[in-house]
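Every read-out reported here was derived from the displayed coordinates using simple, explicitly stated rules and does not represent laboratory data. Because the structure is predicted, anything quoted here is derived from the model rather than measured. Backbone-built Cβ (ideal geometry, glycine too); neighbour counts: all protein chains shown.
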Amino acid sequence: MSRLIVVGDPDFNLGFRLVGIRDIIDVENEEELPQIVESLLGKKGIVVIKYDFYKKLPLHVKMRVEESLEPTFVKVGGEAGVEELREKIRKAIGVDLWK
């Protein structure tokens, strides 16, 4: 099974904690966000990132996120949609969880 990591502020992460996700990174200082995201590149699994945080990443980090196969990054909240989440999870684990 793939590892799931969540990156967001404490309010965003609360729901993930309530369903039992343990690998959660609370971002208190947004200036640290690029370093946090870059530290996750190359790890296996799925990284769920708050969409507002993704938008604030420098362009070179966004490009690395978009090109990343491991891990698969899923942007959640804001303008990010359920269909993107569905497709990214299907691509990462090979199973459509909505069927």
Two-site label geometry, residue 60 and residue 26: point separation in nm, points 7 Å out along Cα→Cβ:
3.1
Just add up the charged neighbours of residue 23: K/R +1, D/E -1, any other residue whose Cβ is under 12 Å from the Cβ of residue 23.
+4
Cross-chain or 8 or more residues apart, Cα under 15 Å: how many lysine pairs in the stretch 4-93 fit that? Count them up, please.
10
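Dipole of the stretch 4-93, Cα-centred, from +1 at each Lys and Arg C-beta and -1 at each Asp and Glu C-beta, to the nearest 20 debye?
On the way: 14 positive and 17 negative charges, 93 e Å.
My answer is approximately 440 debye.
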Suppose we keep just the alpha-carbon trace of the stretch 4-93; what are its Rg and Dmax in angstrom?
12.0, 33
Quick query: amide H of residue 73 versus all other amide H atoms, modeled in the peptide plane; which residues come in under 5 Å with a sequence gap of 5 or more or a different chain?
47
For a protection proxy built on the mean count of beta-carbon atoms within 10 angstrom, sort 46-55, 20-29 highest first, please.
46-55, 20-29
If R0 is 25 Å, what FRET efficiency do you get for residue 19 and residue 90 from their C-beta distance, rounded to 0.05?
0.80
Protection proxy (average C-beta count within 10 Å per residue), highest first, orders 5-17, 60-72 as 5-17, 60-72
